[in-house]
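Before any comments, here is the structure.
The values are calculated or read from the model by the stated rules, or taken from the named source; none is laboratory data. Since this is a predicted model, take the numbers as computed values, not measurements. Positions of Cβ are generated from backbone atoms using ideal geometry, with glycine treated the same way; all protein chains shown enter the neighbour counts. The area values use the complete protein model at the heavy-atom level, side chains included, leaving out ligands, DNA and RNA. Shrake-Rupley method; radii C 1.70, N 1.55, O 1.52, S 1.80 Å.
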Amino acid sequence: MDAGVTVRPTTATLGAVVTGPRLGDLTENQWRAIEAAFHQHAVLIFPGQHLSDEQQMAFGARFGELSIESLSFGNQRDDGTLRDANDPLMRLFRGNEGWHTDSSFQPISAKASILSARTVPTKGGETEWADMRAAFEALDVATRDRIAGLAAYHSLYHSQSAIGEGEDTTAKGLAVLHAGDRTRSPDSSAGYRQANSPPLRPLVKVHPVTGRPALYIGRHAYGIPGLDPEASRRLLADLVDFACRPPRVHTHRWQPGDVVIWDNRCVLHRARPWSLDEPRVMHHTRVNGNPATESALAEAA
């Protein structure tokens, strides 16, 4: 059943370019084909969609409850002026250049994320995704056995501090980012500060739909219980370095109107830098995970 949907896999182990349907006006058969492709390829690229905010939110809501409806991710203010590298928001975004999965530092991690390109620079600003399913499958048996029972804490403030950004600057950046977020109440500024108990998550996650195991790591992960801090840091860094290599990485060069959705349960992603003298504006929608499968561990394994 193609339902007028063409799915062309990338040359990487993940990702596919999908053409044919208009995301703002899907038939039921088209939606079923897209959902199946999402579970198979983990990253779906829809060129030239030019969605409105409402259309993007409606598409995201097909996948589940939205934790973020539509946020502008970029260096251009509403008045058209550009933020410089010292702006708290840009200092926050610099962290996105490290491999990560969205909301792993929240009590319930994200199921899916959507980005749509509104304004793109002439050079740079790509997004890359890395296949954690294929990465797990490529591990040697000894490494699989070593990490099978391990878990790590996840913290945005830890990962920001690792690139030299303190809690105050990170909190300010988050406050600016979420100022227009309709899913967050106006009195929730305390949520921008570091949680007392960062969530603990296993290093290997079994996908709740496909059943495929995947590494669940990235820059927010740290502090593996049972290992000293340096051994934990080294293991997590080695896993990311191994995982995020060809043929497990796909790079997308954005064009205005492109829409991409990816599965945070089995994919890492990162933004590539660009000259802040040029605007780059992306709109982000995030789908909350199922509490039954995306909640943190109650205690160390």
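Does any residue in segment 90-103 that is farther than 12 Å from THR127 by Cα come within less than 6 Å, Cβ to Cβ, of a residue that is at pLDDT below 95 and open to solvent by 20 Å² or more (accessible area, probe 1.4 Å) six or more places away or on a different chain, and which pairs are these?
Final answer for the pair search is ARG91/THR169.
What pairs come out if I take residues in segment 128-153 that are β-branched (Val, Ile, Thr) and open to solvent by less than 20 Å² (accessible area, probe 1.4 Å) and pair them with residues that are at pLDDT 95 or above and in a helix (DSSP H, G or I) whose C-beta lies under 8 Å away, six or more apart or interchain?
ILE147/LEU235; ILE147/LEU239
The conditions are (1) of a type in the set (Ser, Thr, Tyr); (2) under 25 Å from THR11 (Cβ atoms); (3) assigned to a loop (DSSP other than H, G, I, E, B), and THR251 fails exactly one of them. Which is it?
Result: THR251 passes all but (3).
Sort out which residues of segment 284-301 are at pLDDT 95 or above, open to solvent by 50 Å² or more (accessible area, probe 1.4 Å) and either touching a Lys or Arg at 6+ places or on another chain (Cβ under 6 Å) or not in a strand (DSSP E or B) (or both), and write them in order of number.
ASN290, PRO291, ALA292, THR293
Please state which one of ASP102, ASP79, ASP87 is buried (at least 17 other Cβ atoms within 10 Å of the Cβ), acidic (Asp, Glu) and more than 18 Å from the chain's Cα centre (by Cα). Spell out how you get there, then give the answer.
Details: ASP102 fails: more than 18 Å from the chain's Cα centre (by Cα); ASP79 fails: buried (at least 17 other Cβ atoms within 10 Å of the Cβ).
The unique qualifying residue is ASP87.
Let me confirm something: among LEU203, LEU177, which residue is at pLDDT below 95, buried (at least 18 other Cβ atoms within 10 Å of the Cβ) and among the hydrophobic types (A, V, I, L, M, F, W, C)? Please lay out each step first, then the result.
Values: LEU203 fails: at pLDDT below 95.
It is LEU177.
So in segment 154-174, with the set limited to residues that are touching a residue at least 24 places away in the same chain (Cβ under 8 Å) and part of a loop (DSSP other than H, G, I, E, B), which one is surrounded by the fewest Cβ atoms within 10 Å (Cβ to Cβ)? Spell out the reasoning first.
Looking only at segment 154-174, we keep the residues that are touching a residue at least 24 places away in the same chain (Cβ under 8 Å), and these are 154-160, 162-163, 165, 167, 169-170, 172-174.
Adding the requirement that they be part of a loop (DSSP other than H, G, I, E, B) leaves 155, 163, 165.
On the way: SER155: 21, ILE163: 12, GLU165: 19.
Looking at residues that are touching a residue at least 24 places away in the same chain (Cβ under 8 Å) and part of a loop (DSSP other than H, G, I, E, B), I get ILE163.
Give segment 18-56 a look and list any residue that's surrounded by 18 or more Cβ atoms within 10 Å (Cβ to Cβ) and of a type in the set (Val, Ile, Thr), or say none.
VAL18, ILE34, VAL43, ILE45
Any residue that is over 14 Å from the mean Cα position of the chain (by Cα) and crowded, with 21+ Cβ neighbours inside 10 Å - is there at least one of those in segment 267-279? Quick ask: steps written out before the conclusion?
As a first pass, look at segment 267-279 and keep what is over 14 Å from the mean Cα position of the chain (by Cα): 273-279.
Still in the list and also crowded, with 21+ Cβ neighbours inside 10 Å: none.
The answer is no; no qualifying residue exists.
Considering segment 254-283 alone, what residues qualify as being assigned to a strand (DSSP E or B) and in contact with a Pro (Cβ under 9 Å, 6 or more places away or on another chain)? Outline the logic, then answer.
Step one: list which residues in segment 254-283 are assigned to a strand (DSSP E or B), which gives 259-263, 267-271, 281-283.
Of everything in segment 254-283, just one residue is assigned to a strand (DSSP E or B) and in contact with a Pro (Cβ under 9 Å, 6 or more places away or on another chain), namely VAL259.
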